[in-house]
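Single-structure report; data block below.
The values are calculated or read from the model by the stated rules, or taken from the named source; none is laboratory data. Values in this document were obtained by computation on a predicted structure and should not be read as measured data. Because the Cβ atoms are built from the backbone with ideal geometry, glycine has one as well, and the counts that use them run over all protein chains shown. Only protein heavy atoms, including side chains, enter the accessible area calculation; ligands, DNA and RNA are left aside. Shrake-Rupley method; radii C 1.70, N 1.55, O 1.52, S 1.80 Å.
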Amino acid sequence: MSFRSTHRLTPLAAALALAFLAPLPALAQTSSSAAAEPKDAQVLPTVTVNASADASADGLPKEFAGGQVARGSRLGVLGNVDNLDSPVRSVAYTQQLIADQQAHGVGDVLKNDPVVRTTRGYGNFQESYMIRGFIANSDDLMYNGLFGILPRQYVASEMMERVEVLYGASAFLNGATPGDAGLGGTINILPKRASNEPLTEVTLGYESGNTKYGAIDFSRRLGPEDRLGIRINAARHAGGTGVSGEKRETNVFSLGADYRGNNFRLSADLGVQENNLNNIRSSVSLASGLSSLPSAPSGSANYSQPWSYSNERDIFGTVRGEWDLSDTTTAWAAFGARQGTENNSLSGVRVNNASTGAASTYRFDNARQDDVATGEVGVRTHLSTGPVSHKLVAAASLYSLNSRNAYGYSSFYALGTNIYSPTTYSQPALSTLGNSLSDPQTTTRTNLASAVLSDTLGFYDDRLLVTVGVRQQQLKSDTYAYNTHLNSAHYDQSATSPMGGVVFKLMKNLSLYGNYIEGLQQGKQITDTTAANYGQVLAPYKSKQKEVGVKYELGGLGLGAAFFTTDRPLSYKDAVTNIESTNGLQRNRGVELTAFGELTKNMRLLSGITFLNAKQLQTSGSANNGNYAIGVPKLQANAGLEYDIPGVRGLTVNGRATYTSTQYADAANKLEVPSWVRYDIGARYLTDIGGRAVTFRASIENLANRNYWESAGGASNSGYLVLANPRTFSTSVSVAF
């Protein structure tokens, strides 16, 4: 694998690389015994949640030194696996990190990840994530191991115990994602469970733009031996933002319950989330023929129309049970469902002149109702054949989606405006309708089914672990035309998704690993309104991934390196027929270097560098062969540090630098988005007031208040610009009763 010099290490990137590598010489001065000490003897004791979020006997993997990430995470049907025993790369961000950084949603948590960059979906405000250069949409998030349960636009952090990221393809481990994304990785959200100690915590906060925040976290264990647990979280965010005219309101409620029996465990979750946005700044699409990109406006600028809005409401729930059939065999079953509604009136902006910022806009309304039901059953057993150990898994899963949609729009981009000096219009009338906005009809039915078998063989007292397995999958989809409601497209196809993985422990704290694994996605739905087959769902497509890496733990510090290559089919619109189809190929190659954990007992590190080489290999008429893929930076780097101030009991400061190199907003690589860097700082102070543990937190994101385009798209093979937020100040106080 080679990387051309097209992505030189700039002074800034070199500084971030130095921040990543600087801790290594200090390791010689950090004893392994120091890693076993409490992270900060000055910090007051906090409640530890060690109940299980997934109804498993062993509970969640323990936290790694420093408490920001865990020692392991869920690997789909393989269950929870320690990092050093895993044939793939993953990370689990803890509730401690989520709380300490005042993260509002999944995207805020993943700002710590050097492999992930947050963007938006195509033409909406959906939070999406570029992982290893491939987009993962928020409607493909997993909730306690089940796809499609969480709200599909945005997920509030109050219901999260952990955010797990599994890097790379995962069709064998998790099954095909319901949407057309997730080739570069999948994200699993673990719900909160009752802690062993009673907890009643109230949090009040304030953010730039006059957003006010209130939340309550209530936890109790009840009954004989505290077998029954109840965890209730409720929160409300409401107010403006740092962007002129924007208004946001998020209301969330979640209830988690669990029961610990003698040979069985049960858990259940119920959640309700409302997310209402008004006059939210849209992404910027680009007119054809542009030879350059517009300069980024002020981060506080808003070029959307004041009548635009996006409202979503979701109610969802899961039930999971696990039964010990014997000392070595456990069976499990899980079921989940979601009902979601969305109503939007959007004012997308298209730039027509890069130098002046001249643009155009129009009205696009959308109504959507989703009904999702999903479940899985399985059994795990442990046995030995002579000197070889086996961990056998057999499981099956089902997923069903009925999506009802309607849309309406005014004349396309008929209203003139400018991203530097926007023009405001009264809401224009809708000229074209697809179904009734007040009564959307079914446009897509999706049914996924799969069965999986795997065996993890252990040799030489489990120093050598070999995982082999296969998942047989059936993907069915029906697309119904707007207005006529006739079945316009149907497919019913099966696919086999294998995996092979190897872990060799050179030492107890040093593992080498490698894997071959495939991804399988439902065919994408054509969202390009200019395509002749707009709205059609394409046939499923596969990706193939090969990866090798090393994982090393030294004292309280974890180090990792991964090298991967992934091939995926690429869809494009034919210039003659105007039909978008899957005819191309994209290959992403990358190197990931990570460091996390404790440098000393009062200093924690969360850093890494990712090099990416994402090339289009087969394109329409070979016009873009060899060009970089849209929206994929060549280099990403994060350097995050936390430091407990000596002599000031309970005071911690933190800082993070995030660098993203240039990326392209078009397949021809003529429109280059400049590189950017963002600095974030924060502090927290934990003290005792009147016998209550009180935590004060404050943070500033985009400290230098830089104006920059944060991302260049990634969905639907389309380039579109997402403007970064301005300097944003957040503060909160939490009181535990």
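Here are the numbers:
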item: Protection proxy ranking of 275-287, 496-508 - average other beta-carbon atoms within 10 Å, highest first; result: 275-287, 496-508
item: Partners for K670 among lysines (Cα-Cα distance below 27 Å; same-chain residues under 8 apart left out); result: K524, K573, K615, K634
item: ³J(HN,Hα), Karplus 6.51/-1.76/1.60, whole Hz, each residue of region 543-556, x for Gly, Pro; result: 10, 10, 10, 10, 8, 9, x, 9, 10, 9, 10, 10, x, x
item: Residue list for region 689-713, given a label point 7 angstrom along the Cα-to-Cβ vector of S298 and an amide N cut-off under 20 Å; result: 701-710
item: log₁₀ of I(q)/I(0) at q = 0.25, 0.27 Å⁻¹ - region 676-737, Debye sum with one point per alpha carbon; result: -0.96, -1.03
item: Square roots of five times the Cα gyration tensor eigenvalues for region 566-678, Å; result: 43, 13, 10
item: Relative contact order (%) - the chain, alpha-carbon pairs under 8 angstrom, separation at least six; result: 13 percent
item: F737-N705 pseudo-label distance in nm [points 7 Å out on the Cα-to-Cβ vector]; result: 4.0 nm
item: Straight-distance crosslink candidates among lysines, where the alpha carbon sits under 19 Å from K508 and sequence neighbours closer than 8 are dropped; result: K62, K551
item: Cα centroid of region 396-453 to Cα centroid of region 91-140, whole Å; result: 23 Å
item: Residues Y206 and T687, FRET efficiency given R0 of 22 Å [Cβ-Cβ distance, rounded to 0.05]; result: 0.70
item: Two-decimal Rg to Rh for region 96-139 - Kirkwood Rh, Cα set; result: 1.00
item: Heavy-atom accessible area per residue - the chain, 1.4 Å, Å²; result: 38 Å²
item: Proximal lysines relative to K212, as straight alpha-carbon distance under 21 Å, when same-chain residues fewer than 8 apart are discounted; result: K247
item: Residues listed by number, region 584-623, amide nitrogen under 11 Å from L506 label point at 7 Å toward C-beta; result: none
item: Reciprocal mean inverse distance between Cα atoms of region 307-431 - Kirkwood radius, Å; result: 19.4 Å
item: Calculated from backbone phi, Karplus (6.51, -1.76, 1.60) coupling profile of region 616-633 in Hz, x at Gly/Pro; result: 8, 9, 10, 10, 4, x, 6, 5, 10, 4, x, 7, 6, 5, 5, x, 10, x
item: Inter-label distance for N483 and L464, nm, one decimal - labels placed 7 Å from Cα along Cα-to-Cβ; result: 6.6 nm
item: Fraction of accessible area attributable to carbon and sulfur, the chain (%, probe 1.4 Å); result: 56 percent
item: Estimated FRET transfer efficiency (F563, D455; beta-carbon r; R0 30 Å; 0.05); result: 0.70
item: Using θ = phi - 60° and Karplus 6.51 cos²θ - 1.76 cosθ + 1.60, couplings along region 561-578 (whole Hz; Gly, Pro as x); result: 9, 9, 10, 9, 9, 9, 9, 9, x, 10, 9, 8, 8, 5, 5, 8, 8, 6
item: Mean residue ellipticity (222 nm) of the chain, computed from DSSP H runs ≥ 4 via -39,500 (n - 2.57), nearest 500; result: -1000 deg cm²/dmol
